[in-house]
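One structure below.
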Amino acid sequence: MIQGFKEFITRGNVIDLAVAVVIGAAFTAVVNAIVAGLINPLIALVFKADSLDQVGPTITGLQGQEVFFPLGAIVGAIISFLAVAVVVYFVFVFPMNKFKERAAARAGVAEEAPAGPTDVELLTQIRDLLERQTGVSVSTTPPAGDAPKA
């Protein structure tokens, strides 16, 4: 049991996952700073973000109590999510993809390897080679002009 745990821990993908979690935690601080310092002030130019928590309908329940549904908080969370997604994409993902494209172009990596022969073509070549080597026809189709026997 301990040996199995040791093998699990020392696998490369577990170490990669641990590194990703640590980098993700550090990365969160960078994204939060960009959102707080740039995106939130831009949103505040359009409307006051604090007021979103008080936006929503109030409905009277069956026993006469009033229930408030803060739909503005949901809208605010969606806006925050989209803001973070935009920052992550345009600040990190898009430049990294461009960097990888340039590196691949410099390395001369081909986009696609040329297509090889199909399975049927390979089998036909093997059949023809066997016929030439043995002198015996291994074709499953009758020669032209021969009628199938009933």
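The values are calculated or read from the model by the stated rules, or taken from the named source; none is laboratory data. All of these numbers come straight from a predicted model, not from anything done at the bench. Cβ placement follows ideal geometry from the backbone for every residue including glycine, while neighbour counts extend to all protein chains displayed.
Brief remarks follow.
- Among residues of region 66-77 that are over 12 Å from Gln54 (Cβ atoms) and assigned to a strand (DSSP E or B), those with a beta-carbon under 8 Å from a residue that is modelled with pLDDT of 80 or more and not basic (Lys, Arg) at least six positions away or on a different chain give the pairs Glu66/Thr58; Glu66/Ile59; Glu66/Thr60; Val67/Thr58; Val67/Ile59; Val67/Thr60; Val67/Gly61.
- Test: residue in region 31-50 that is charged (D, E, K, R), under 30 Å from Phe69 (Cβ atoms) and at pLDDT below 80: yes
- Considering only residues in region 92-118 that are of a type in the set (A, V, I, L, M) and modelled with pLDDT of 80 or more, the one that is nearest to Val30 (Cα to Cα) turns out to be Val93.
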